[in-house]
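The values are calculated or read from the model by the stated rules, or taken from the named source; none is laboratory data. From a predicted model like this one, the values you see are computed outputs, not experimental measurements. Counting neighbours? That spans all protein chains shown, and the Cβs are built from the backbone with ideal geometry, glycine included.
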């Protein structure tokens, strides 16, 4: 990551402190003599906003994490996009609409505003805590008896939905800022004094941690598990039986966990300085697609050129994209002969891949011609991926509402639904200003990201349409 070298002193500083907050009596100049600033953005619900066990907004885990970072060097911090009551769907909507809100830092709410896309683009570090409100909505409490009613099917569906939405959130953040480091807070028992429900809430927390943790790590993030630390002293950390929020001491514990996770990046950075096995393309240094391309190469669905380059900005043609899709699909194609007369000069392997994809109905030719050198537009690739989705799942995706791109209305229903599929899966977010740019040519970098996104979707994923 680009900021890692700038803040190696910060990592050492955190480790020397023993990860104990609040930090005090430190000379920042001795720790970080540069003028570089770390940009930290906190997203999420009331925990990120800092609502305490009395229902007031005070210092939350994000603030204590920021305090630890600030004592070690210059910091730009903003928790203005953290809102009490937020669910995963709210963060997705904020990202899609690019909301604008006031900056809220350690000095309080400021007059200055910033839009979410800009805040994400400028961030070196993002923390997220969200998902509890999604699932707690399925747990009903009788106001008279105080007893809880668990609908296990609804709770399980809610946990699955949280995982799917986190995938979309993390994908969107990485698309805006591929180099940002994202830390996701785990969950804790919000009702520790209700011993009759300890088993149910323990299971709930474990399943949430499992679902969100797996999605976080699969998307290159860092999952910060806190259940054991909070459980170590429930009376201190969650002291109010009538309020599920943490106390000041509880937030400090969580802040320490984030600092600890942040500090481990120093070790990870040292590890990445070892020679990397596999192809290293000479033209991907600093390119937004580098990690996507690397993963796609590891999947065996894409490769570079003999001169050691990948040519990420080069437009892909039909033969290239169909060959990639053919290698990506694990479903067997129908046994058909090569149906096109204009691909005979390609290798037998590529001809077989084209025949497989054509046999599945993913691509069609025109009067026996495939036109292999024709460029592929973003709309055309969306249709191919949508048909591949149908070939894989046996289902045709029909959204509840079409993706909110202003430049796709003139396309047919299949194309609009295909674009919406990629949008609802969090694979694409558009090209800015509410546009999808359906007629633009797909580059090799974009193709790698889109197909990788399709390949790495959770098993048996049910789409969540917001």
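Residue by residue through the range 282-303, note down the ones that are assigned to a loop (DSSP other than H, G, I, E, B), more than 14 Å from residue 443 (Cβ to Cβ) and modelled with pLDDT under 85.
If the condition is that a residue be assigned to a loop (DSSP other than H, G, I, E, B), more than 14 Å from residue 443 (Cβ to Cβ) and modelled with pLDDT under 85, then 300, 301, 303 are the ones that fit.
Looking at (1) more than 20 Å from residue 453 (Cβ to Cβ); (2) out of contact with any strand residue (DSSP E or B) (no Cβ under 8 Å at 6 or more places or on another chain); (3) surrounded by fewer than 17 Cβ atoms within 10 Å (Cβ to Cβ); (4) modelled with pLDDT of 85 or more, find the lone condition where residue 319 falls short.
The failed condition is (3).
Only one residue in 234, 251 is modelled with pLDDT of 90 or more and crowded, with 20+ Cβ neighbours inside 10 Å. Which one? It would help to see each step written out before you state the result.
On the way: 234 fails: crowded, with 20+ Cβ neighbours inside 10 Å.
Residue meeting the stated conditions: 251.
What do you reckon, is residue 203 within 22 Å of residue 62 (Cα to Cα), assigned by TED's automatic domain parsing to the domain that holds residue 129 and either in contact with a helix residue (DSSP H, G or I) (Cβ under 8 Å, 6 or more places away or on another chain) or part of a helix (DSSP H, G or I) (or both)?
Answer is no for this residue.
Kindly evaluate residue 127 against the criterion of being crowded, with 17+ Cβ neighbours inside 10 Å, farther than 26 Å from residue 420 by Cβ and either touching a residue at least 40 places away in the same chain (Cβ under 8 Å) or under 14 Å from the mean Cα position of the chain (by Cα) (or both).
yes
Would you be able to tell me the number of residues in the range 66-105 that are at pLDDT 95 or above and in a loop (DSSP other than H, G, I, E, B)?
Matching residues across the range 66-105 total 7.
When you scan the range 322-336, do you find a residue that is in a loop (DSSP other than H, G, I, E, B), at pLDDT 85 or above, surrounded by 14 or more Cβ atoms within 10 Å (Cβ to Cβ) and touching a helix residue (DSSP H, G or I) at 6+ places or on another chain (Cβ under 7 Å), even just one?
The answer is no, given that none of the residues of the range 322-336 is in a loop (DSSP other than H, G, I, E, B), at pLDDT 85 or above, surrounded by 14 or more Cβ atoms within 10 Å (Cβ to Cβ) and touching a helix residue (DSSP H, G or I) at 6+ places or on another chain (Cβ under 7 Å).
Quick one: which residue in 225, 149, 174 is over 11 Å from the mean Cα position of the chain (by Cα) and within 24 Å of residue 66 (Cβ to Cβ)? Don't jump to the end; show me each part of the working.
Working: 149 fails: within 24 Å of residue 66 (Cβ to Cβ); 174 fails: over 11 Å from the mean Cα position of the chain (by Cα).
Residue meeting the stated conditions: 225.
Within the group 228, 274, 270, 217, which residue is in a helix (DSSP H, G or I) and at pLDDT below 85? Let's see the steps before the verdict.
Details: 228 fails: at pLDDT below 85; 274 fails: in a helix (DSSP H, G or I); 217 fails: at pLDDT below 85.
Being in a helix (DSSP H, G or I) and at pLDDT below 85 holds for just one of 228, 274, 270, 217, which is 270.
Residue by residue, here is whether (1) buried (at least 23 other Cβ atoms within 10 Å of the Cβ); (2) out of contact with any helix residue (DSSP H, G or I) (no Cβ under 8 Å at 6 or more places or on another chain) holds:
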{"position": "101", "(1), (2)": "no, no"}
{"position": "131", "(1), (2)": "yes, no"}
{"position": "147", "(1), (2)": "no, yes"}
{"position": "155", "(1), (2)": "no, no"}
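Do you know which residues across the range 96-124 are in contact (Cβ under 8 Å) with a residue 24 or more places away in the chain, in contact with a strand residue (DSSP E or B) (Cβ under 6 Å, 6 or more places away or on another chain) and more than 20 Å from residue 37 (Cβ to Cβ)?
Of everything in the range 96-124, just one residue is in contact (Cβ under 8 Å) with a residue 24 or more places away in the chain, in contact with a strand residue (DSSP E or B) (Cβ under 6 Å, 6 or more places away or on another chain) and more than 20 Å from residue 37 (Cβ to Cβ), namely 109.
Among 361, 300, which is surrounded by fewer than 17 Cβ atoms within 10 Å (Cβ to Cβ), farther than 30 Å from residue 220 by Cα and touching a helix residue (DSSP H, G or I) at 6+ places or on another chain (Cβ under 9 Å)? Quick ask: steps written out before the conclusion?
Values: 300 fails: farther than 30 Å from residue 220 by Cα.
Only one candidate passes the filter, namely 361.
For the range 390-404, indicate whether the set of residues that are touching a residue at least 60 places away in the same chain (Cβ under 8 Å) and either surrounded by 21 or more Cβ atoms within 10 Å (Cβ to Cβ) or assigned to a helix (DSSP H, G or I) (or both) is non-empty.
Quick first cut of the range 390-404, residues touching a residue at least 60 places away in the same chain (Cβ under 8 Å) only: 391-392, 397, 399-401, 404.
Restricting the remaining residues to those that are either surrounded by 21 or more Cβ atoms within 10 Å (Cβ to Cβ) or assigned to a helix (DSSP H, G or I) (or both) gives 391-392.
The answer is yes, given that some residue of the range 390-404 is touching a residue at least 60 places away in the same chain (Cβ under 8 Å) and either surrounded by 21 or more Cβ atoms within 10 Å (Cβ to Cβ) or assigned to a helix (DSSP H, G or I) (or both).
Scanning for something in a helix (DSSP H, G or I) and at pLDDT below 95, does the range 42-65 turn up at least one residue?
For the range 42-65, residues in a helix (DSSP H, G or I) and at pLDDT below 95: present.
Testing residue 210 on (1) touching a helix residue (DSSP H, G or I) at 6+ places or on another chain (Cβ under 6 Å); (2) under 21 Å from residue 128 (Cα atoms), one condition comes back false. Which one is that?
Condition (1) is where residue 210 drops out.
Hey, can you tell me all the residues within the range 133-145 that are surrounded by fewer than 16 Cβ atoms within 10 Å (Cβ to Cβ) and part of a loop (DSSP other than H, G, I, E, B)?
137, 142, 143, 144, 145
Name every residue in the range 106-124 that is outside any helix (DSSP H, G or I) and surrounded by 17 or more Cβ atoms within 10 Å (Cβ to Cβ), in order of residue number.
114, 123, 124
Just give me the residues in the range 427-450 being at pLDDT below 80 and either within 11 Å of residue 377 (Cα to Cα) or not in a loop (DSSP other than H, G, I, E, B) (or both), in sequence order. Let's see the steps before the verdict.
Going through the range 427-450, the residues at pLDDT below 80 turn out to be 429-432.
Passing the criteria: only 432.
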